[in-house]
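Read through the structure below, which is laid out as structure tokens, and then see the notes.
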Amino acid sequence: MKTFDLTPDPKVLLALTHTPMQPLDALCELIDNAIDSFQAAALQGNPIKNQLILINLPKPSDIQIGSGRVSIRDNGPGLSKEKAELALRAGFSGNNSYDSLGLFGMGFNISTGKIGRKTRFFTAQKEEKQGIEVIVDLEKMRSAKTFKVPVNDISKPPDFTSGTNIEISEWWPDGNPNSGFVKKLVQYGMPKVRQEIGRRYASFLRKKDIQIIINDEKCEPYEHCVWNEKRFVENKHGQIHAKILIDKTVGAQTRCLSCNGLVESGKKKCPNADCGSSSLRTIDEKIHGWVGIQRFDDPTRFGIDLIRNGRAIRIGEKSAFFEFIDEFKEAIKDYPIDGPYGRIVGEIHLNHVPVDFLKQDFQRSSPEWQRAMEYLRGNSSLQPTKPGAELNVSPVFRLFQGYRRVRKIGRGDMYMGYWSEVKNAPDRISREVEKEYYDKFLQKLPGFYDDTEWWKLVEQAEQRPLEELITCPGCNCENLKGHDVCSICSFILNKKTCINTKCKKEIAASAKSCQFCGESQVPEIILPWKCNVCGKNNPAEAATCADCASPQDSLPLLSKERLFGLSNKSDDLSIDACTIKLADGSYSNPIKIESYIMKEPLRVCGRSDTLPQFSLKNPDSIVIFLDLQHPLFKSLKVRPEYLISSEAALFIFDSNRRLSGSQNEGIHSLAFLTWQVLNKRWRSALEESPELLRKDISSFFMSIREKAPSILQDKIEDIYGDLGEANIKVLVDNMLSQGVNIESLKELKNSGEFLRFVDESVFINSFKHYPEKFFDGHFWNNAWNKIGDVSESIRQNLQSRTKSLYLNCLEDVNTFLKNKLSDPITIQRARASLLILQKEVM
């Protein structure tokens, strides 16, 4: 009987190597095969001790001249000749789909073929004296038009007991789709390659069962810098811990191990007519791992790692968790929406969810993926006011409710900070401090690897600095630092010995004369001293300067040491590398601008007025100190960004005076250079638009909507009864637009939740009638009933003034929101009113 030979042309194998794949993914495919060999040995009862994967990558200089090789060697059990043939065959996989990493035999062919034209495959088993060598030369196979490749039995090298070694060489030339593939891999740099491999295989490396060594250095497992699971924030949703551990089985299914077909529960054989296998297996759809909060927020370094059988398939996955596709197929961004920075991270193992054949992603249309996502992030938007959110009890939804934004520095939103004397409130720490702490975390230093030292900064943010006290040894009473004698028992706290050699009694350190012998204690100074603050020469006996009254050891008022001690750095007003386009088309040299906010005024000796700003200039940097309480900022409303830009412009102007000729008139000027700095660094922050202001006003009213049902709880019935026909219509329209069933209105009325859908004017009217419900920490921090021990008339006067101020501001912003106003004066007034309303919000 005649037959057809259906062996594909070798060109098919070459075409497979053109499959899109990143160099690191190709390397991971080969690492997967090595790990699978270790797991296979363990399942057979012959576990490998000291499991090792050795990887050697060529130098860029070797690749440049066409030499060098990529090698991956493991000390696994090795393969027999039959299994080696199957492993090298394109499209074959001897692995089951649930326990192994190398799901498709095709992965080996694609990965090696993308890296180079020639692959040497050598494998040997422990009990054999010889190993098997196979050379896969893609160019020769194409020329010979055959898939047959030579197999050689050769002696094992002296240091080779068992395992497999893969060597890839002969890089693809220019013009080939895979040209430059291996070059791209090594150009990442060895530290980056080790770092990426350490993250993708962190689950294995943390157990220390397997070591992966690249060019003689170990890959260290990636560690997430997260808060301890015992830390928590507390809000209206209760206590929400910063790390949620997950171990949940969401279902089970029976699969055929031969064809991977789904088998109904209770069946003994595969229902597929072409299969009929009785090799079945029940697969638990188990989800385990954790989601939590990173100790710092970042614009890119957040998201959840999704892992299958120990290897991370998705790194920092965001869209699956932080976007929601509604019933109209529109994507709703859920997080972060209050700023560009995020901090929700995690590691989730989804061993049962299928992946695509190159393991780039999970099969997101599969039922297993859908069930996993339903448990992890729920079937609604993460935003609490969106339809269905009230039924969402998923771990990611819960984290979002506690940590969606960083607004309350300290324990409120669990973020590091310090007490700002200027703001009289907590302020966040500098990004430089965060980086310093993270570097110490990576070094695994005690207190920084765990979160002890980080937590101190969280607690510190809410602690007002206290004046240091000294305990008296005589009576245990506390005295202010600097007091030499206890104010209670007269015990001498700070002593010195009388200079009279006949007396030598102990007296207070500040005593100018001895109380026992009357001897003067002021040492005789031959030379006068010069004041460091104003430069005046003072007589020897003077303790303070005659002109400026500064103590003898005072630092100059504008000295760097003094100013640094009285200020905090502002990241928002700093620029890492300020550079702009010059008049001749070139770019100015980068300048580092560091801005610091003063805790007290910038004083100059001999003058009663103070400076708004003071700068220290270096060859490539400027340090700027700003007193934001100065009238220039407080009264005249000048933005500090303008002064900083002017300083930068002056620096750039002086550094490029060669451009000051008439040919560059107007372009190389302080005004134009200042504009360029402002435009490049702060335009979006300073630009006020009607749309942006309306968005901010809407956000403010949304915060009232969220709290109104609780703060107006005992007035709900009265407020609903006062709703006119127009307000009822707005209420119903808003419910319909947000997908809320009108039939639930009665329930919403009883609970007060209808307030989430009413017009803004309802809140203004409620404030008119019940202002006491909004103050004393209910919505605003301002005192109302807790004004203090004052007469009733004074209390009523203060309450009346507070109510008038806030009512005017509420009406201003509501008028702007409802009417399409855009003139600058109206915008300024509405913005000023909004700032007043936002200032004391809880």
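The values are calculated or read from the model by the stated rules, or taken from the named source; none is laboratory data. Computed from a prediction, not measured in an experiment: that's the story for all the values here. Cβ placement follows ideal geometry from the backbone for every residue including glycine, while neighbour counts extend to all protein chains displayed. Protein only, heavy atoms only, side chains kept; ligands, DNA and RNA dropped before computing areas. Shrake-Rupley method; radii C 1.70, N 1.55, O 1.52, S 1.80 Å.
Is segment 734-842 best put as rounded, prolate or oblate by its Cα gyration tensor, with a ≥ b ≥ c the root eigenvalues, rounded for a/c under 1.5, and otherwise prolate when a/b is larger than b/c, oblate when not? It comes out oblate by the Cα gyration axes. The relative contact order of the chain comes to 5 percent, based on Cα pairs under 8 Å that sit 6 or more residues apart. Which of the residue pairs LYS218/LYS444; LYS818/LYS839; LYS505/LYS530; LYS637/LYS839; LYS192/LYS218 have a Cα-Cα distance greater than 21 Å in the structure shown? As for pairs spanning more than 21 Å Cα to Cα, those are LYS818/LYS839; LYS505/LYS530.
A Förster radius of 22 Å, combined with the Cβ-Cβ distance separating GLU468 from THR501, puts the computed FRET efficiency at roughly 0.05. Annotation note: GluC sites (Glu not before Pro) in segment 202-282 located in DSSP loop regions with a Cβ neighbour count of at most 11 within 10 Å are GLU264. Restriction of the trypsin sites (Lys or Arg not before Pro) in segment 595-659 to DSSP coil positions whose beta-carbon has at most 11 other beta-carbons within 10 angstrom yields ARG607, LYS637. For a straight C-alpha distance cut-off of 15 angstrom, the aspartates and glutamates reachable from LYS440 (same-chain residues fewer than eight places away being disregarded) are GLU223, GLU432, ASP450, ASP451, GLU453.
Surface calculation, 1.4 Å probe, protein heavy atoms: LYS456 sits at approximately 100 Å² accessible.
Residues of segment 170-211 falling in the label zone of ASP62, defined by backbone nitrogen less than 18 Å from a point 7 Å along Cα to beta-carbon, are 170-173, 180-194. Expressed as a whole percent, the accessible area of segment 553-697 that falls on carbon and sulfur atoms is 53 (1.4 Å probe).
Basic side chains Lys and Arg get +1 at the Cβ, acidic Asp and Glu get -1 at the Cβ, and with that the dipole of the chain about its Cα centre reaches some 1160 debye. Stretching the chain fully between THR815 and SER490 yields a gain of 110.4 nm (0.36 nm per residue, less the alpha carbon separation). Extension gain, HIS778-ALA726: 0.36 nm per intervening residue step, less the Cα-Cα distance, totals 15.9 nm. Taking 20 Å as the cut-off, the amide N atoms of segment 617-642 that come nearer than this to a point 7 Å along the Cα-to-beta-carbon line of ASN424 belong to 627-637.
For SER822, the solvent-accessible surface computed with a 1.4 Å probe is close to 80 Å², ligands and nucleic acids excluded.
Loop-located trypsin sites (Lys or Arg not before Pro) in segment 263-327 (DSSP state not H, G, I, E or B) with no more than 13 neighbouring Cβ atoms inside 10 Å: LYS267, LYS268, LYS269. Protein-only accessible surface at a 1.4 angstrom probe places the residues SER608, SER381 in the order SER608, SER381, largest first. Note on the chain: dipole from Cβ charges, positive end direction compared against LEU736, ILE135, GLY303; the farthest Cα belongs to ILE135.
Compared with the dominant Cα axis of the chain, that is its longest principal axis, helix 824-839 is turned about 90°.
Here the label points at GLN130 and GLU688, each 7 Å from Cα along the C-beta direction, are separated by 8.8 nm in the simple model. Taking Cα atoms, how many degrees apart are the long axis of helix 367-377 and the longest axis of the chain, rounded to 10 and kept between 0 and 90? Taking Cα atoms only, the helix is inclined about 10 degrees. Set the Förster radius R0 to 45 Å, insert the Cβ-Cβ distance between THR385 and LYS786 as r into 1/(1 + (r/R0)^6), and round the FRET efficiency to 0.05. The pair THR385/LYS786 has a calculated efficiency of 0.90. Which of these values of percent of Cα pairs over 46 Å apart was calculated from the structure shown: (i) 31; (ii) 26; (iii) 49? Given (i) 31; (ii) 26; (iii) 49, the structure-derived one carries the label (iii).
Keeping the other protein chains in place, figure out the carbon and sulfur percent of the accessible area of segment 209-350, with a 1.4 Å probe. Exposed carbon and sulfur together represent 45 percent of the surface.
For the residue pairs LYS207/LYS243; LYS481/LYS504; LYS148/LYS267; LYS129/LYS207; LYS83/LYS140; LYS207/LYS236, the alpha carbons lie more than 31 Å apart in LYS148/LYS267; LYS129/LYS207; LYS207/LYS236. Ordered from highest to lowest accessible area with the whole protein assembly present and a 1.4 Å probe, ASP32, ASP553 read as ASP553, ASP32. Measuring r between the beta carbons of GLU743 and GLU323 and using R0 = 41 Å, the FRET efficiency lands at 0.85. Taking a straight line from the alpha carbon of LYS715, these aspartates and glutamates sit under 14 Å away, with near neighbours fewer than eight places off in the same chain left out: GLU753, GLU772.
For segment 394-526, the per residue solvent-accessible surface stands at 60 Å², with DNA, RNA and ligands left out and a 1.4 Å probe.
Each helix, a run of at least 4 DSSP H residues, gives -39500 (n - 2.57); summed and divided by the residues of the chain, these come to -9500 deg cm²/dmol at 222 nm. Full extension of the chain between CYS477 and TYR188 gives 97.6 nm of extra length, using 0.36 nm per residue less the Cα-Cα distance.
Of all lysines in the structure, those lying under 27 Å Cα to Cα from LYS581, and not within fewer than 8 positions of it along the same chain, are LYS592, LYS617, LYS680.
Exposure check, 1.4 Å probe, all protein chains in place: THR282 carries approximately 90 Å² of accessible surface.
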